[in-house]
Every structure is written in C-alpha cells, then in structure tokens.
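Undergrad: Structure in structure tokens, see below.
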Amino acid sequence: MKLASQRSGRDGWLMVVSRDLGRCAAATEIAPTMQYALDNWAAVEPDLRQMASDLEAGVGADIMAFDPRQCAAPLPRAYQIADGSAYLNHVELVRRARGAEMPPEFLHDPLMYQAVSDTILGPCDPIPVTSESYGIDFEAEVAVIVGDVPMGVAADEAGEYIRLVMLMNDVSLRNLIPAELAKGFGFFQSKPPSAFSPVAVTPDALGAAWGGGKLNLPLISTLNGQEVGRPDAGMDMQFDFPALIAHAAKTRPLQAGCIIGSGTVSNRDRSRGISCLAEIRMIEKIEGGESKTPFMSFGDTIRIEMMDEAGRSIFGAIDQKVIKA
C-alpha cells in the first residue's frame, strides 16, 4: 500500500496512491490525515488496504491523476524525527578527514540526533537558505515511520512497529557544523528542515527488497542533472531500522508518527558514488590533501529516487532546487 498527503493547510489530506504512482484517490472518509491514520492504524489499515486494492482495479468515482508536485511530505509535520547514522563508512570518512580515529563503541552504539520536525519540506519544495557560505549539502537517506513504540523495546521486537517506509533528504549546512559540535551540544542551526519522498510505502509492498530490517535497493542521487551516486541502501548498514528504533526508544516511548532516519546511505565500494557532497570532499582530502568539490549553490538541483527491479519509481522523487531565503 502506498500513501501520500495532498497539500492542504498544515497537515494535508490523506491519499491512497496506485503502485505505479499514476493514480490516487482521497482517503479522507477513512482517515482525514496521515497522522490520524497512524494514531488509529489498527482500525483504519484494513479499509485503506481495501481502497488501495479498489484503486488498482480502477474502482471508485474519485480516482484522479497523481501529481507529486501537489504533495506535502507524507507527514507534513511530525512529533519527532530522530535521524541515525547507520552507515559507518560515512562516519569513518568524516573522522579520517580530520585525523580522528573511529571509537570502537561506534560499532555497537549508533549515533542519533533530533532533526527539525515542526517544519518539513515537501518532495518538490525548494530548499531555502540565507547564505551559500553555510556549505549547503544534501543527504540521501531512507526513513521509516513508526506506530506507538514502548520504552525499552528490544531490537528483535522493534521491527513490528514500522508502519511506512520513505526516502529523505536530510539537508545539512556543513560549514556551520564544526562550531556547533565544538560546543558539545550537537546539531541545531546546521540542520535546517528535511524533505521526504511524495509517497510512503508499507514494508510488505516492497516485496523482497525489504529484508533484515533494511531496504535492499540502490538509492539514486542526481545533482544538476548528473547522477552522482547509487549506493545500495541495504549494504554496509551497520544498524538496521529495528536497531535504530530500539536505540531511540531506550529511555522514552515513541509516539505514532515518529520518523526514524537511516543517516546518509554510504557503501565502501566507491564505484557506487555518493549520497552527499561531504563524502566526496572527505575522499578528496584523504587522497589529495584538500577538498575540491564545492557545496551546493543557489539554483542547484538535487533529485533523490529509488527504482524497483523493473526500473519503476517506488516512492516518487524528491526533486528540489536550492534558493536564497
């Protein structure tokens, strides 16, 4: 089943979307918003699935063409976004570039920070930034939306709370990060609002690509019309989504609608390219002594998308342009 939020007011209204992303229908008689659906998942899921089945069969009077440009993020605002860093190749490269070793505890204890959740960008919204000097970067990720997760849930039980899967662009302002981290209190100004794919998908609809608590397909990033990376999101993922959920819920419950991000998808095989500019800059510094690739400028575009084995878009594309705020 595929769900999306039509842009309207603060929270949009819920739509069921066809598997091929060609058609959609309003689901507001079942659940007015995505958050309502998540809050009442056990009650509304069967009706939403029946509606999805009817949509595939062409049944229904209100079927319309699906337009991702009219979509807000699947959750236009969320109670919480907790973004991990599950791909240790990315972490290791960043630390090596500044001459630091990777602490051994990083192998069993994931990094995680709280991202902006009260403001979330739609899949085709521009990325507003006040200055190019901030070091504008994209980060292509996978994310999940959970139901109500109890505090202290074990990793081997946490997967049952995953309701939906989607793509994420975790926008970063790289030149603001060092000073913030030096204060010892983590990211804030260096992490503006993120964007998410037009469509969120139930894990069962991903078929064999969803396995081991991971999404095992390439994640494609296209910068200014040129593909820069297609690393496999299931490869080199040190912490799967159940592990990330358990980490987030160690000392607190998670409310339905909490979003958990994977962190920048990164493979040790460098031929697969990158999911953020910081990574290629770190490789350049490690190999040549200095970073040469520039960060993004006003007018630059980034497209993030994932295809199934038949070459069809699964979630629709995040397709954004950087603009001056």
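Undergrad: Being more than 18 Å from the chain's Cα centre (by Cα) and either open to solvent by 60 Å² or more (accessible area, probe 1.4 Å) or of a type outside the set (Gly, Ala, Ser) (or both) is true for just one of Leu75, Leu88, Leu93. Which residue is that?
TA: Numbers: Leu75 fails: more than 18 Å from the chain's Cα centre (by Cα); Leu88 fails: more than 18 Å from the chain's Cα centre (by Cα).
After applying the criteria, what remains is Leu93.
Undergrad: Something else about it: Would you pick out the residues in segment 170-227 that are part of a loop (DSSP other than H, G, I, E, B) and either closer than 14 Å to Ser262 by Cβ or among the polar types (S, T, N, Q) (or both)? Spell out how you get there, then give the answer.
TA: Keep residues of segment 170-227 that are part of a loop (DSSP other than H, G, I, E, B), which gives 170-171, 183-194, 197-199, 202, 212-213, 216-217, 219, 224-225.
Those that are part of a loop (DSSP other than H, G, I, E, B) and either closer than 14 Å to Ser262 by Cβ or among the polar types (S, T, N, Q) (or both): Asp170, Gln189, Ser190, Ser194, Ser197, Thr202, Gly212, Gly213, Asn216, Leu217, Leu219, Asn224.
Undergrad: Restricting to segment 99-142, name every residue that is open to solvent by 30 Å² or more (accessible area, probe 1.4 Å) and hydrophobic (A, V, I, L, M, F, W, C).
TA: Met102, Phe106, Leu107, Leu111, Met112, Val116, Cys124 - these are the residues of segment 99-142 that are open to solvent by 30 Å² or more (accessible area, probe 1.4 Å) and hydrophobic (A, V, I, L, M, F, W, C).
Undergrad: Give me the residue from segment 255-273 that is open to solvent by less than 10 Å² (accessible area, probe 1.4 Å) and in contact with a helix residue (DSSP H, G or I) (Cβ under 6 Å, 6 or more places away or on another chain) and, out of that set, farthest from Gln80 (Cα to Cα).
TA: Taking the candidates together, the pick is Ser266.
Undergrad: When segment 156-166 is examined, which residues are found to be over 13 Å from Lys2 (Cβ atoms) and either within 12 Å of the chain's Cα centre (by Cα) or part of a strand (DSSP E or B) (or both)?
TA: Ile162
Undergrad: Filter segment 61-115 down to the residues that are outside any strand (DSSP E or B), touching a strand residue (DSSP E or B) at 6+ places or on another chain (Cβ under 8 Å) and acidic (Asp, Glu) and list them by number.
TA: Asp62, the sole residue that qualifies.
Undergrad: Can you name the residue in segment 59-72 that is out of contact with any Lys or Arg (no Cβ under 9 Å at 6 or more places or on another chain) and of a type in the set (A, V, I, L, M) and, of all such residues, is least open to solvent (accessible area, probe 1.4 Å)?
TA: This residue is Val59.
Undergrad: So in segment 281-311, with the set limited to residues that are in contact (Cβ under 8 Å) with a residue 24 or more places away in the chain and among the aliphatic types (A, V, I, L, M), which one is farthest from Asn267 (Cα to Cα)?
TA: Applying the filter and picking the extreme gives Met296.
Undergrad: Would you please name the residue that is most open to solvent (accessible area, probe 1.4 Å), looking only at residues in segment 143-181 that are more than 28 Å from Glu45 (Cβ to Cβ) and among the polar types (S, T, N, Q)?
TA: Asn175
Undergrad: In segment 20-41, what count of residues is obtained for those that are in contact (Cβ under 8 Å) with a residue 40 or more places away in the chain, in a strand (DSSP E or B) and open to solvent by 10 Å² or more (accessible area, probe 1.4 Å)?
TA: Counting residues in segment 20-41 that are in contact (Cβ under 8 Å) with a residue 40 or more places away in the chain, in a strand (DSSP E or B) and open to solvent by 10 Å² or more (accessible area, probe 1.4 Å) gives 1.
The values are calculated or read from the model by the stated rules, or taken from the named source; none is laboratory data. The shown structure was predicted, so the numbers you read here are calculated from the model rather than taken from an experiment. Note: ideal-geometry Cβ built from the backbone for every residue, glycine included; neighbour counts use all protein chains shown. Calculation scope for accessible area: heavy atoms of the full protein, side chains included, ligands and nucleic acids excluded. Shrake-Rupley method; radii C 1.70, N 1.55, O 1.52, S 1.80 Å.
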